[in-house]
Amino acid sequence: MPLIRITHSIVIDENELEERFVQASGPGGQNVNKVATAVHLRFDVAHSPSLPEIVRQKLTAIAGRRLTADGILVIDARRFRTQERNRADARARLADLIRRAATPVVKRIPTRPTLASKRRRLDAKKVGSARKRARSKPSVED
């Protein structure tokens with residue numbers, strides 16, 4: 001029972017993945033018409049026992065068009081000329097997506113600007129204002 005470690009707490013059984021090999025377009029010469037090197041990796045997000053519910057919800061939101069109506073994540077890998085490299089690429093992309101979904105959102109703590117930063121901002125505005133005033137035509141009183 002081979003396992004794929006995603007994070008220290010999330011491990012996916014390889015039996016949950018379904019891989020289909022199809023012919024790829026692009027570079028490969030005559031080989032591209034003979035060998036099925038592109039990989040369609042399918043992972044059932046909706047029914048996977050390996051994913052916590054929070055990760056499942058975030059993964060569903062992150063996946064976008066890659067997620068079917070049935071809750072199956074489809075990753076299409078055809079970047080490389082060999083089946084094995086495309087297979088590894090598809091698995092790495094799946095692991096990356098799940099890792100992104102597993103990272104908790106850090107809530108921003110709003111801070112107030114310091115007195116010194118307020119002064120620096122106002123000083124910079126005064127310098128800019130003086131520069132623009134110097135560009136204008138001299139007034140009649142001068």
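Can you confirm whether region 27-39 contains a residue that is part of a strand (DSSP E or B), closer than 18 Å to A90 by Cβ and modelled with pLDDT of 80 or more? For region 27-39, residues part of a strand (DSSP E or B), closer than 18 Å to A90 by Cβ and modelled with pLDDT of 80 or more: present.
There is no residue in region 118-130 that is over 23 Å from S9 (Cβ atoms), within 15 Å of the chain's Cα centre (by Cα), surrounded by fewer than 16 Cβ atoms within 10 Å (Cβ to Cβ) and not aliphatic (A, V, I, L, M).
Every residue, every condition in (1) surrounded by fewer than 16 Cβ atoms within 10 Å (Cβ to Cβ); (2) under 14 Å from R20 (Cα atoms); (3) of a type in the set (D, E, K, R), yes or no:
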| site | (1), (2), (3) |
| --- | --- |
| L41 | no, yes, no |
| S48 | no, no, no |
| A61 | yes, no, no |
| A69 | yes, no, no |
| R78 | no, yes, yes |
| A88 | yes, yes, no |
| A95 | no, no, no |
| R100 | yes, no, yes |
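Residues being without any contact (Cβ under 8 Å) to a residue 12 or more places away in the chain, part of a helix (DSSP H, G or I) and not aromatic (F, W, Y) are represented in region 94-106 by at least one member. A count restricted to region 65-82 and to residues that are in a loop (DSSP other than H, G, I, E, B), under 14 Å from D44 (Cα atoms), touching a residue at least 12 places away in the same chain (Cβ under 8 Å) and under 19 Å from the mean Cα position of the chain (by Cα) stands at 1. Can R91 be described as farther than 18 Å from E14 by Cβ and either among the aliphatic types (A, V, I, L, M) or outside any strand (DSSP E or B) (or both)? So R91 fails the test.
The values are calculated or read from the model by the stated rules, or taken from the named source; none is laboratory data. These figures come from a predicted structure and were not determined experimentally. Neighbour counts run over all protein chains shown; Cβ positions are idealised from the backbone, glycine included.
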